[in-house]
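Chemist: Can you keep this structure in mind? I'll have questions shortly.
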2 protein chains.
Amino acid sequence: MPALTPQADDFPRWYQDVLNKAELAENGPVRGTMVIRPYGYGLWERMQAELDARIKACGAENAYFPLFIPESYFQREAEHVEGFSPELAVVTVAGGRELEEPIVVRPTSETVMGEYMAKWLQSYRDLPLLLNQWANVVRWELRPRLFLRTTEFLWQEGHTAHATREEARAYAERILHEVYEDFMVRVLAMPVIVGLKTASERFAGADNSLSLEAMMRDGKALQMGTTHELGQNFARVFGIEFLDAEGERRTAWTTSWGVTTRMIGGLIMAHGDDDGLRVPPHLAHVQAVVVAVRDEGDVVACSRTLADELRAAGVRVHLDDRADVSLGRRATEWELKGIPLRLELGPRDLAGDEVTLVRRVSGAPKTPVALARAVAAVRDALEAEQQVLWDQALAQRDSRIEDVTTLDEARAAAENGWARLPWDAVGTDGEAALASGGVTVRCLTREDGSVPVSENEADLVAYVARAY
Amino acid sequence: MPALTPQADDFPRWYQDVLNKAELAENGPVRGTMVIRPYGYGLWERMQAELDARIKACGAENAYFPLFIPESYFQREAEHVEGFSPELAVVTVAGGRELEEPIVVRPTSETVMGEYMAKWLQSYRDLPLLLNQWANVVRWELRPRLFLRTTEFLWQEGHTAHATREEARAYAERILHEVYEDFMVRVLAMPVIVGLKTASERFAGADNSLSLEAMMRDGKALQMGTTHELGQNFARVFGIEFLDAEGERRTAWTTSWGVTTRMIGGLIMAHGDDDGLRVPPHLAHVQAVVVAVRDEGDVVACSRTLADELRAAGVRVHLDDRADVSLGRRATEWELKGIPLRLELGPRDLAGDEVTLVRRVSGAPKTPVALARAVAAVRDALEAEQQVLWDQALAQRDSRIEDVTTLDEARAAAENGWARLPWDAVGTDGEAALASGGVTVRCLTREDGSVPVSENEADLVAYVARAY
């Protein structure tokens with residue numbers, strides 16, 4: 001009896017099974033909220049560390065802005081209020097009293113950060129102003145699904161101000177490629193299509209939204225992250241202005257960009273298989289588990305020594321010395337959790353000065369490895385498994401992107417994967433027609449794969465799919 | 001004209017001046033909330049890193065529980081609801097509708113974590129259950145002060161379950177000493193008195209609260225952190241139970257423990273002087289700033305090389321190459337921010353293959369250092385400055401703790417520092433009498449300085465002070 005519903009039988013149920021059995025997350029008591037369990041949170045901590053280093057390398061500094069935003073702030077930018085109003089959670093009572101002005105629990109922080117950027121920004125010398133925060137945000141969800149759409153989620157939100165539209169755009173693209181794409185490709189082993197959102201899919205208040213789209217193993221798309229060119233929309237209403245080198249007062253150009261705990265859902269659905277999660281070694285907070293097979297002779301002591309050696313060599317390792325739990329049950333647990341490598345050490349291994357190496361990602365046969373070269377073998381295997389995951393994800397994605405020319409073909413292709421077709425063959429009307437059947441334009445790219453500056457450029461390519 | 005109000009003139013105004021001038025934090029738009037600016041947040045990031053490593057070394061795992069808690073959860077533990085009700089912020093409208101059950105924005109997470117611990121805990125093999133989370137919490141503040149008392153603050157909250165009262169107590173004490181005290185002493189260079197809170201100062205719902213108390217430079221006390229023995233109070237109402245080795249169902253014993261962004265306020269007030277903040281080198285996210293004095297010859301290039309060398313040697317360093325800003329103005333800025341070491345490199349220094357080392361903490365005279373041994377000199381100076389801060393803080397605290405025997409003497413001593421006297425000479429009535437004049441019992445210790453298990457132990461010592 002398999003622990004999980006097979007993916008082919010019922011993908012959403014498989015996803016829910018993995019969340020439960022791998023102890024990743026469960027529903028919170030308030031509808032739509034989420035409890036992230038330690039194993040799931042460990043994935044998030046590693047995502048944070050990798051992203052934070054890249055964000056800092058791009059010159060942005062972390063800060064923290066309040067959870068509570070006066071309701072009036074939202075009403076200043078017309079599209080923003082329209083886009084977010086249906087999703088807001090509102091505090092009306094505090095300290096035992098009805099509040100005079102209701103307070104919004106932040107769904108995003110453009111407004112409050114705009115207010116302070118305006119205060120802090122004086123001269124062109126202060127530009128670019130590059131801020132980021134790691135925080136929780138709340139958007140009331142009618143159809144919540146753990147990690148993918150939750151009422152409260154965790155994210156980072158970057159907010160920057162620049163002297164010109166060109167500088168703002170260049171920075172938004174830098175974040176898109178150097179932070180997000182680099183992280184998703186190198187760490188998550190997830191191929192992403194990077195492109196421009198159409199007008200109907202844009203962030204509320206943005207001039208342009210750029211996104212990274214990944215394919216899940218059921219062929220559907222997931223938006224993994226976005227950066228927004230906000231033009232001067234927020235700068236005008238919040239007064240984000242500066243004196244230029246000639247002493248003239250000018251309005252700044254701003255951007256915002258974010259990725260969320262939703263990426264954990266994407267990771268599960270992009271790499272998981274019928275045995276559970278498969279975590280890419282570059283991300284894994286547990287890259288290898290040393291399993292003491294039995295409490296006999298020197299087995300436990302040697303397992304501990306091996307784990308210590310691996311740790312000293314920089315491998316993120318966990319020692320499983322629960323000799324009173326059967327090996328089979330423990331193997332299933334580590335497979336469900338998708339730990340890349342398992343090193344099983346039993347009396348027979350020890351007698352031969354060996355350890356048995358089991359690879360979760362590739363599913364390659366168990367191989368004995370001399371204890372003396374276990375560290376080197378683990379390092380090599382981690383790199384190899386990272387590559388296998390990437391190769392598999394890329395091959396599966398590319399095999400399920402179909403080049404088509406008509407809307408009907410696109411609709412048909414979206415039953416099993418993505419369609420790629422000329423944006424001219426879709427257009428705003430075609431987009432609406434597709435949307436009525438649950439199929440959306442994920443993003444637009446140029447023919448060479450680069451990101452367009454406007455959907456009105458000639459010869460754009462549209463990626464069309466069902467999406468989470 | 002000094003940049004700051006002198007401490008001796010008006011300590012609270014000095015504190016406010018430091019927050020502004022060192023760009024640490026400012027008020028948020030909703031009363032009582034706080035914007036933590038990048039320099040202030042950098043301090044918090046380092047606090048988090050140091051604490052998180054210690055918490056993990058004690059076996060606790062990070063997780064994340066929802067911001068939103070059903071109001072009914074609070075009503076289950078009688079003291080807890082009574083203690084927190086006046087401080088709650090309540091969401092009554094979400095997604096455009098009035099909610100059927102109001103939602104509380106978490107002021108602390110005993111209730112929601114209790115609910116899930118009860119679900120996850122099955123057998124004695126699952127114990128101890130050791131969880132921690134880094135999160136924001138909200139407590140409506142009537143007299144907010146930045147970092148010290150804010151409506152929203154950032155913290156970590158640990159929540160654990162154990163098989164026996166003794167194990168729960170031992171773990172609460174382990175966190176108190178191995179995580180909090182060790183961090184405050186070694187990293188923050190802040191001496192703390194560790195003791196038991198009296199019944200009137202206990203956490204709402206706890207059997208015992210243990211705290212760490214530090215002295216500020218105006219002689220007042222600040223509670224820097226707490227751990228709570230919750231007994232079976234929350235375990236009983238949330239059903240946190242387990243089967244013991246004999247198959248009997250038993251109720252667990254729980255603890256909770258937390259430190260907050262308030263520590264940043266404590267750091268400022270414990271170490272700051274009339275020139276600004278003084279950051280302990282072990283904490284500082286910028287331990288040394290290399291200042292290129294002028295853009296002339298190789299000055300900027302050599303400054304960059306020096307900064308790179310220091311960085312490669314593990315020093316957290318910032319390069320200040322703003323040659324168009326006067327040296328004096330930049331020196332003042334780095335002094336305000338309390339960067340431990342400044343390395344000024346000008347044409348004259350360079351001509352002598354030297355750099356000028358300036359020590360913020362000790363205020364020792366500027367000294368020329370050969371460039372060839374700058375890395376070693378910086379390392380030595382960082383350790384020396386850390387020691388100086390500790391020595392100064394300890395000497396100033398000990399000189400302002402007065403041993404007294406009566407309440408009147410205690411009240412008088414609290415005008416300029418702390419009083420230490422037998423708890424028998426205070427008692428519950430004396431405590432109330434002192435409190436009416438704004439003086440509180442900070443904590444109780446045994447005569448040897450260890451932490452008592454109950455305020456009813458004989459021969460306890462009370463520390464009495466005015467407090468933030």
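The values are calculated or read from the model by the stated rules, or taken from the named source; none is laboratory data. What you are looking at is a predicted structure, and each value in this text was computed from that prediction instead of being measured. Every residue, glycine among them, receives a Cβ derived from its backbone with ideal geometry; neighbour counts consider all protein chains shown. To get the accessible areas, we keep the full protein, side chains included, count just its heavy atoms, and leave off ligands, DNA and RNA. Shrake-Rupley method; radii C 1.70, N 1.55, O 1.52, S 1.80 Å.
Chemist: Please work out how much length the chain gains when fully extended from B:Arg250 to B:Ala412, using 0.36 nm per residue of separation minus the C-alpha to C-alpha distance, in nm with one decimal. Walk me through the intermediate numbers first.
Modeler: Numbers: separation 162, 0.36 × 162 = 58.32 nm, distance 5.02 nm.
That pair, B:Arg250 and B:Ala412, stretches by 53.3 nm at full extension.
Chemist: Per residue, what volume in Å³ does the convex hull of the Cα atoms of the protein assembly as shown enclose?
Modeler: Value for the protein assembly as shown: 193 Å³ per residue.
Chemist: Once you charge only the Cβ atoms, +1 for Lys and Arg and -1 for Asp and Glu, what is the size of the charge dipole of the range B:59-173 about its Cα centre, to the nearest 20 debye?
Modeler: Here the size comes out at about 260 debye.
Chemist: Still on this model: Taking every residue in B:35-48, how many Cβ atoms of other protein chains lie within 10 Å of its Cβ, on average? Walk me through the numbers before you get to the answer.
Modeler: Values: counts 10, 6, 7, 8, 2, 2, 8, 3, 0, 3, 3, 0, 0, 0.
Across B:35-48, the average partner-chain Cβ count within 10 Å equals 4.
Chemist: Next up: Per residue, how much accessible area does chain B have with a 1.4 Å probe, in Å²?
Modeler: Details: 18040 Å² over 468 residues.
Per residue, chain B has 39 Å² of solvent-accessible surface.
Chemist: Give me the log10 of I(q) over I(0) for the range B:348-410 at q = 0.17, 0.19 Å⁻¹, as the Debye formula computes it from C-alpha points; what are the numbers?
Modeler: Taking Cα atoms of the range B:348-410 as identical point scatterers yields -0.69, -0.77.
Chemist: Here is a follow-up. Whole angstrom only: what separates the Cα centroid of the range B:1-59 from the Cα centroid of the range B:108-143?
Modeler: Rounded to whole Å, the Cα centres lie 27 Å apart.
Chemist: So in chain B, what percent of DSSP beta bridges are antiparallel if you round to the nearest 5? Each step should come with its number before you reach the end.
Modeler: Values: 69 of 85 bridges.
DSSP beta bridges in chain B are roughly 80 percent antiparallel.
Chemist: I'm checking a number: the convex hull volume of the Cα atoms of the range A:18-135, normalised per residue, in Å³. What is it?
Modeler: Hull volume normalised by residue count: 166 Å³.
Chemist: In whole Å, what are the extents of the range A:131-226 along the principal axes defined by its C-alpha atoms, from largest to smallest?
Modeler: On the principal axes, the range A:131-226 reaches 41, 29, 27 Å in Cα extent.
Chemist: If you don't mind, another one. Would you report the distance distribution of C-alpha pairs in the range A:320-375 as whole percents per 5 angstrom bin, up to the bin with the largest distance?
Modeler: 4, 19, 27, 26, 18, 6
Chemist: While we're here: Net charge near B:Pro12: determine it from the other residues with C-beta under 14 Å of the C-beta of B:Pro12, scoring Lys and Arg +1 and Asp and Glu -1.
Modeler: Charge balance in the 14 Å sphere: +3.
Chemist: Show log10 I(q)/I(0) for the range B:3-78 at q = 0.19, 0.21 Å⁻¹, two decimals, from a solvent-free Debye sum over equal Cα scatterers.
Modeler: -0.97, -1.00
Chemist: For the range B:77-174, go through all pairs of different Cα atoms, get the mean of 1/r, take its inverse, and jot down that Kirkwood value in Å. Before the final figure, lay out each step's value.
Modeler: Numbers: mean 1/r = 0.0630 Å⁻¹.
Every distinct Cα pair counted, the radius reaches 15.9 Å.
Chemist: If we restrict to alpha carbons, what Rg and Dmax does the range B:341-465 come to, in Å?
Modeler: 23.5, 71
Chemist: Compute the Kirkwood hydrodynamic radius of the range B:235-290, taking the inverse of the mean of 1/r over all pairs of distinct Cα atoms, and give it in Å to one decimal.
Modeler: Over the range B:235-290, the inverse of the mean reciprocal pair distance is 15.8 Å.
Chemist: Go ahead and run the numbers for FRET between A:Glu296 and B:Arg165, Cβ-Cβ distance against an R0 of 41 Å, rounding to 0.05. Please list the in-between numbers first.
Modeler: Numbers: r = 36 Å, r/R0 = 0.88.
My answer for the efficiency is 0.70.
Chemist: Within 14 Å, Cβ to Cβ, of A:Gly338, how many net charges do the neighbouring residues add up to if Lys/Arg are +1 and Asp/Glu are -1?
Modeler: Charge balance near A:Gly338 sits at +1.
Chemist: Find the Rg to Rh ratio for the range A:280-362, where Rh is the Kirkwood radius over alpha-carbon pairs and Rg uses the same atoms.
Modeler: 0.94
Chemist: Which whole-percent values make up P(r) of the range B:224-346 when all C-alpha to C-alpha distances are grouped in 5 Å steps starting at zero?
Modeler: Histogram of Cα-Cα distances, whole percents per bin: 2, 10, 14, 13, 11, 8, 7, 5, 5, 6, 6, 5, 4, 3, 1, 0, 0.
Chemist: Please state, as a whole number in µm²/s, the translational diffusion coefficient that the Stokes-Einstein equation yields for the range B:387-430 at 20 °C and 1.002 mPa s, with Rh defined as the Kirkwood radius across alpha carbon pairs.
Modeler: This corresponds to a translational diffusion coefficient of 189 µm²/s.
Chemist: So for the range A:300-414, taking the charge dipole from beta-carbon charges (+1 Lys/Arg, -1 Asp/Glu), which of A:Val378, A:Thr367, A:Leu319 sits furthest toward the positive end?
Modeler: Farthest along the dipole direction, towards plus: A:Leu319.
Chemist: Regarding chain B, what whole-number volume in Å³ per residue does the convex hull of its Cα atoms give?
Modeler: Taking the convex hull of the Cα positions in chain B, it is 171 Å³ per residue.
Chemist: Here's something else I'd like to know. Please give the Cα centre distance for the range B:376-418 versus the range A:293-327, rounded to the nearest Å.
Modeler: 47
Chemist: Can you tell which of B:Thr108, B:Trp120, A:Ser109 lies farthest toward the positive end of the dipole of the protein assembly as shown, using +1 and -1 charges on the Cβ of basic and acidic side chains (Lys, Arg; Asp, Glu)?
Modeler: Working it through, the farthest residue towards the positive pole turns out to be B:Trp120.
Chemist: When only Cα pairs under 8 Å and 6 or more residues apart are kept, what is the percent relative contact order across the range A:247-383?
Modeler: On the way: 200 pairs, mean separation 33.3, N = 137.
Normalised by residue count, the contact order of the range A:247-383 is 24 percent.
Chemist: Moving on. Considering only Cα-Cα distances, which of the following residue pairs are longer than 23 Å: A:Lys220/A:Lys366; A:Lys56/B:Lys56; A:Lys119/B:Lys21; A:Lys56/B:Lys366; B:Lys337/B:Lys366?
Modeler: Pairs exceeding the cut-off: A:Lys220/A:Lys366; A:Lys56/B:Lys56; A:Lys56/B:Lys366.
Chemist: Report the B-A buried area as the accessible area lost on both sides summed, probe 1.4 Å, in Å² to the nearest 100.
Modeler: 4200
Chemist: How big is the dipole moment of chain B about its Cα centre under a simple scheme where the beta carbon of each Lys and Arg is +1, that of each Asp and Glu is -1, and everything else is neutral? Debye, nearest 20, please.
Modeler: That gives chain B a dipole magnitude of about 980 debye.
Chemist: Would you mind working out the magnitude of the charge dipole of the range A:154-309 relative to its Cα centre, with +1 at each Lys and Arg C-beta and -1 at each Asp and Glu C-beta, to the nearest 20 Debye? Let's see the in-between values first.
Modeler: Working: 15 positive and 24 negative charges, 102 e Å.
The dipole magnitude comes to about 480 debye.
Chemist: If you roll a 1.4 Å probe over chain B with all protein chains in place, what percent of the accessible area is carbon or sulfur?
Modeler: 46
Chemist: Need one value for B:148-159: mean number of C-beta atoms belonging to other chains within 10 Å of its residues' C-beta atoms. Before the final figure, lay out each step's value.
Modeler: Working: counts 0, 0, 1, 6, 5, 0, 2, 0, 0, 0, 0, 0.
What the average comes to for B:148-159 is 1.
Chemist: Now for a different question. Compute log10 of I(q)/I(0) for the range A:1-44 with the Debye formula, placing one identical point scatterer on every Cα and leaving out solvent, at q = 0.22, 0.33 Å⁻¹, to two decimals.
Modeler: -0.78, -1.05
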